[in-house]
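Presented below is the structure to which this report refers.
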């Protein structure tokens with residue numbers, strides 16, 4: 001009950017008491033001059049009844065006041081207890097907050113001012129093949145079927161196999177926030193996957209793939225002029241990094257690789273310069289790159305490993321020089337690339353057997369693009385050149401080999417999550433050049449003369465997950481020995497694939 005209500009009750013009680021005390025005096029004053037005894041008795045009875053009534057009301061008022069006092073005391077005690085509880089809770093909350101704030105937050109510790117981001121994906125493929133695939137391998141890097149040997153033909157062995165592959169799994173660290181001076185800042189990237197081979201040759205080596213370094217470079221960026229300098233191991237400019245075919249199975253070794261397009265990773269330096277920096281509309285960029293030279297043999301032909309920089313491409317440090325003009329709009333991109341290098345086949349030291357020629361000129365050109373009208377995605381490129389073995393050219397056959405090739409892919413998203421993709425690639429090395437450089441009268445090598453590859457996939461993407469099924473078919477023309485008969489072989493692969501991106 002509120003204080004104003006209590007005050008009114010107190011005043012009412014005081015007035016009632018005053019009236020009760022005044023009644024006897026009033027009765028006495030009124031009874032003195034009365035002459036009739038009957039009338040006096042009646043009035044006294046009425047006054048006595050009234051006094052009794054007032055006494056009853058007074059008792060009720062006293063009981064009410066006592067009840068109000070008890071209730072007020074109890075309410076005060078409850079309020080005081082609630083206040084104490086609230087103060088205790090507040091004290092506990094403050095202590096907890098102080099404790100949380102004082103506790104160290106988890107973080108990736110690195111150099112001051114740098115930000116580190118971990119990205120990558122987990123890839124898993126279950127596959128079945130009706131042929132063994134050569135050059136690059138089986139499973140997630142199957143591209144070109146192996147020509148059957150004479151013993152295989154005689155025994156009817158096809159080389160069919162099946163398995164499970166996770167080697168596409170990849171992770172990388174992106175570093176940002178580095179500062180060179182007031183104009184230049186940057187960062188870098190370290191990237192790895194698990195195509196580095198198997199851990200030995202024992203019974204359990206297949207389940208222990210080794211990591212391999214894919215990229216390791218630093219960036220220097222000038223945002224005022226739109227320039228980026230990339231130093232370290234990276235993709236060369238012929239590799240269509242922004243324009244590879246869509247596939248959940250063929251990621252590290254994309255569809256058409258070596259038999260439809262070329263490129264590889266090398267240590268080098270690339271300058272990327274925006275040509276219309278800060279303007280609206282189509283974005284134009286010019287990239288200039290210089291990369292380490294490379295070749296296979298003649299040390300490899302002699303049976304030694306291509307290690308410790310002792311290979312023909314590194315003799316006298318003959319670099320690969322490339323340039324790329326890149327244009328990009330809101331739903332399309334296009335680019336043109338030129339490549340040149342000189343190969344010194346004398347190698348490092350006195351090498352035998354002697355090569356057909358002492359030096360080669362490696363030249364390549366590529367034109368590619370991508371267009372995304374509505375739910376459609378179209379990708380493709382065409383290339384030509386010679387002596388491109390250092391870039392996976394001519395199905396990774398090394399020599400002064402002229403070649404051309406390309407690929408196309410059409411994709412359609414018939415819902416935001418479901419898509420279908422159709423792919424075709426072809427590789428057309430000059431047959432005479434291939435035979436001349438891969439087979440001799442003394443070495444009955446196998447010349448890979450042409451290749452056609454097709455693929456069809458159905459994919460489902462939701463959030464960080466992508467699931468799909470893919471069928472790939474490849475047809476190869478080959479020749480064994482310099483005078484052998486030209487033959488064909490083909491192979492199919494069906495795969496179920498899953499990808500989780502982080």
**Request:** Would you tally the residues in region 240-258 being in contact with a helix residue (DSSP H, G or I) (Cβ under 8 Å, 6 or more places away or on another chain) and on the phi < 0 side of the Ramachandran plot?
**Result:** 5
**residue 406 being modelled with pLDDT of 95 or more, surrounded by fewer than 24 Cβ atoms within 10 Å (Cβ to Cβ) and in the same structural domain as residue 484 (by TED's automatic domain parsing)** = yes
**Fill in**
Of the conditions (1) in a strand (DSSP E or B); (2) surrounded by 19 or more Cβ atoms within 10 Å (Cβ to Cβ), the single one that residue 248 does not satisfy is (1)
**Prompt:** Quick one: would you say residue 495 is over 30 Å from residue 365 (Cβ atoms) and at pLDDT 95 or above?
**Reply:** yes
**Item:** Answer residue from region 133-153, given it is more than 17 Å from residue 258 (Cβ to Cβ) and assigned to a loop (DSSP other than H, G, I, E, B) and is modelled with the highest pLDDT among those
**Value:** 148
**Request:** Hand me the list of strands (runs of 3 or more DSSP E) wholly inside region 392-464 holding 2 or more residues that are touching a strand residue (DSSP E or B) at 6+ places or on another chain (Cβ under 7 Å), within 18 Å of residue 136 (Cβ to Cβ) and without any contact (Cβ under 8 Å) to a residue 40 or more places away in the chain.
**Result:** 446-462
**Item:** All positions within region 306-324 that are at pLDDT below 95 and either within 24 Å of residue 400 (Cβ to Cβ) or crowded, with 16+ Cβ neighbours inside 10 Å (or both)
**Value:** 306, 309, 310, 311, 312, 313, 314, 315, 316, 317, 318, 319
**Message:** Whether any residue in region 234-242 is at pLDDT 95 or above, within 20 Å of residue 363 (Cβ to Cβ) and over 25 Å from the mean Cα position of the chain (by Cα) is what I want to check.
**Reply:** no
**Request:** Look through 382, 327, 338 and report the one residue that is within 21 Å of residue 233 (Cα to Cα), at pLDDT 95 or above and in a strand (DSSP E or B).
**Result:** 338
**Asked** Before we move on, is residue 473 buried (at least 19 other Cβ atoms within 10 Å of the Cβ) and either without any contact (Cβ under 8 Å) to a residue 40 or more places away in the chain or in the same structural domain as residue 364 (by TED's automatic domain parsing) (or both)?
**Response** no
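The values are calculated or read from the model by the stated rules, or taken from the named source; none is laboratory data. Predicted, not measured: the structure shown is a model, and the values here were computed from it. In this analysis, Cβ positions are derived from the backbone assuming ideal geometry, glycine residues included, and neighbour counts consider all displayed protein chains.
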